[in-house]
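Only one structure is covered here, and it is reproduced in the block below.
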């Protein structure tokens, strides 16, 4: 919904995700979400996320930014800090080293942390799966998801200039409205150069 709103202003938008977002990264996404890498431990998972991110940045994000496009990405480096760092207890120094290798100085201008009670989030995830099995990370127990939520809240509190908390228990339309209001006030898309190319196509 955010990408569509930006495109309505004539802004070129790359709508992407992690893990994934480029051919090589999508292959690694399958390995990670299938749970095949879980027995290897959180250190290896962190390295796989970094490998996927490097391909994603090189093949998708940097080319989009180079032509003046905007990038809307579902998850990025913060997720590795939370999942493998806070939950998997991978040394933060190691994670930061992987971030330098995979993304260099690239950081989001704005990060939304969509927050809701864990039970509600798990119910929504189950509805979205429509009877299929949960992926590697959705399958974690409730206690683990509580730890993840706490870690995201702490991350958002530590970087208020970049991170904005959004109550995701509201309706989809209300969440989109709040996100758009923040993007409008912080990034002023109406003043962005106008492009008429959809970078995702």
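The values are calculated or read from the model by the stated rules, or taken from the named source; none is laboratory data. Quantities reported herein were computed from a predicted structural model and do not represent experimental measurements. Note: ideal-geometry Cβ built from the backbone for every residue, glycine included; neighbour counts use all protein chains shown.
What to note about this one:
- Among the criteria (1) more than 15 Å from the chain's Cα centre (by Cα); (2) at pLDDT below 95; (3) surrounded by 14 or more Cβ atoms within 10 Å (Cβ to Cβ), the one residue 83 does not fulfil is (1).
- Verdict on residue 17 being in contact (Cβ under 8 Å) with a residue 12 or more places away in the chain, surrounded by fewer than 21 Cβ atoms within 10 Å (Cβ to Cβ) and at positive phi: no
- Check on residue 46, modelled with pLDDT of 95 or more and under 28 Å from residue 12 (Cα atoms): no
- Number of residues in region 110-156 that are free of Cβ contacts under 8 Å to residues at least 24 places away in the same chain, under 17 Å from residue 42 (Cβ atoms), more than 16 Å from the chain's Cα centre (by Cα) and in a loop (DSSP other than H, G, I, E, B): the value is 1.
- Residues satisfying the stated conditions in region 164-185, i.e. free of Cβ contacts under 8 Å to residues at least 12 places away in the same chain and either touching a strand residue (DSSP E or B) at 6+ places or on another chain (Cβ under 7 Å) or assigned to a helix (DSSP H, G or I) (or both): 173, 174, 177, 181, 184, 185
- When restricted to residues that are under 18 Å from residue 147 (Cα atoms) and in contact (Cβ under 8 Å) with a residue 40 or more places away in the chain, region 71-94 contains 13.
- Of all residues making up region 106-142, the number that are loosely packed, with under 13 Cβ neighbours inside 10 Å, in contact with a helix residue (DSSP H, G or I) (Cβ under 9 Å, 6 or more places away or on another chain) and either under 16 Å from residue 83 (Cα atoms) or modelled with pLDDT under 90 (or both): 1
- Those helices (runs of 4 or more DSSP H) lying entirely in region 1-105 with at least 1 residues farther than 25 Å from residue 183 by Cβ and touching a helix residue (DSSP H, G or I) at 6+ places or on another chain (Cβ under 7 Å): 23-34, 42-56, 92-103
- Subset of region 179-197 that is crowded, with 17+ Cβ neighbours inside 10 Å and under 18 Å from the mean Cα position of the chain (by Cα) - its residue that is farthest from residue 86 (Cα to Cα): 183
- Considering only residues in region 49-77 that are buried (at least 21 other Cβ atoms within 10 Å of the Cβ) and farther than 14 Å from residue 21 by Cα, the one that is farthest from the chain's Cα centre (by Cα) turns out to be 69.
- Residues of region 152-166 include at least one that is in contact with a helix residue (DSSP H, G or I) (Cβ under 8 Å, 6 or more places away or on another chain) and closer than 21 Å to residue 32 by Cβ.
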